[in-house]
Amino acid sequence: MKLCLLLVVLYGVCRTGYAQNISTFDYRIKRGTLIWDTLKNYEVRRDLCQIPNNVIGNMTTLELLNSVLDYPLLADAFIFNNYQEGVDKIVTTFYALDSLLKRQDIKSVCISVYNNYHPNEINSYKEILGMATFMFKMNFLELLIAQKEIYSDFTIDEKNTILSLLVKNYYDKKMLLDKFDNWGLSTIGWASCRICNIDVILKNNTPSGKKYIDSGYTINIEALDEIMIRATTQIKL
């Protein structure tokens, strides 16, 4: 988790987009700009980063998802005790994410966008800030896929597709462990755990005492490997 916190700090001074997706909303303020640096009040920054409701209503789900991934405060989802707490915080403070999770086609759009993320693309970034932005977006997508609004009623084909992507990306990330760290593997592990309803018992629980499947957090590779092996058996050939 230390790597995650380091990247949050670095991301806070990022001055370029390094966008994997095509942004469809031009946020009034962006990290690293002069106006961002002069705004010390978090609530003011958050308010200025909101997407107006009339704009949200006119966006397709794909446009809305891409805009959520460009949210200047996206990295804040990873600074809480567990992943679900982080997502819940963003949902309650960022109207666009709350709206996104209520879209009927959110499942198919998330699968389509996630299909365009490939871990080895991180090698194309020469600076750590670019790597950090790429990781935050990919990892946040995995947290989205772990939300009940998305995974709870997957069709068999949708479950097969997303599990195949998660399994492949897990082992690809593992080959790049020096960049993704356990944190980058754990977001996939948690999504896989929830989709497959895999109940794992871990020696060390979260400070809040919540079950791993309910909360999600960074765990060791041995436990993650077990989750992914069990998830692989649920892919229907």
Checklist entry - Can you name the condition, by its number, that Asn120 falls short on among (1) surrounded by fewer than 23 Cβ atoms within 10 Å (Cβ to Cβ); (2) at pLDDT 95 or above; (3) closer than 16 Å to Leu69 by Cα? => result (3)
Checklist outcome for this item: Scanning the stretch 82-141 residue by residue, those in a helix (DSSP H, G or I) and among the acidic types (Asp, Glu) turn out to be Glu85, Asp88, Asp98, Glu121
Checklist entry - Looking at Asn160, Asn139, which one is under 22 Å from Leu65 (Cβ atoms) and in contact with a helix residue (DSSP H, G or I) (Cβ under 6 Å, 6 or more places away or on another chain)? => result Asn139
Item to check | Qualifying position, being acidic (Asp, Glu) and either within 19 Å of Ile51 (Cβ to Cβ) or touching a strand residue (DSSP E or B) at 6+ places or on another chain (Cβ under 6 Å) (or both), among Asp153, Asp157, Asp98 | outcome: Asp98
Item to check | Residue among Val68, Val9, Val44 that alone is assigned to a helix (DSSP H, G or I), aliphatic (A, V, I, L, M), more than 21 Å from Ile150 (Cα to Cα) and at pLDDT 70 or above | outcome: Val44
Checklist outcome for this item: Of the residues in the stretch 29-84, those that are surrounded by 12 or more Cβ atoms within 10 Å (Cβ to Cβ) and of a type in the set (Val, Ile, Thr) come to Ile29, Thr33, Ile51, Val55, Ile56, Thr60, Thr61, Val68, Ile79
Checklist entry - List, please: which pairs have Cβ atoms under 6 Å, are six or more places apart or on different chains, and start with a residue in the stretch 35-58 that is free of Cβ contacts under 8 Å to residues at least 24 places away in the same chain and end with one that is in a helix (DSSP H, G or I) and surrounded by 11 or more Cβ atoms within 10 Å (Cβ to Cβ)? => result Leu39/Arg45
Checklist entry - If you take just the helices (runs of 4 or more DSSP H) that sit entirely in the stretch 142-237, which of them hold at least 3 residues that are more than 22 Å from Gly86 (Cβ to Cβ)? => result 156-174, 221-232
Next on the checklist: Checking the conditions here, which among Ser192, Ser186, Ser164 is of a type in the set (Ser, Thr, Tyr), over 16 Å from Ile111 (Cα atoms) and touching a residue at least 24 places away in the same chain (Cβ under 8 Å)?
Outcome noted: Ser186
Checklist entry - of a type in the set (Gly, Ala, Ser), at pLDDT below 95 and more than 21 Å from Leu101 (Cα to Cα) - does that describe any residue in the stretch 151-163? => result no
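The values are calculated or read from the model by the stated rules, or taken from the named source; none is laboratory data. Values in this document were obtained by computation on a predicted structure and should not be read as measured data. Glycine also receives a Cβ, built like all others from the backbone with ideal geometry; neighbour counts cover every protein chain displayed.
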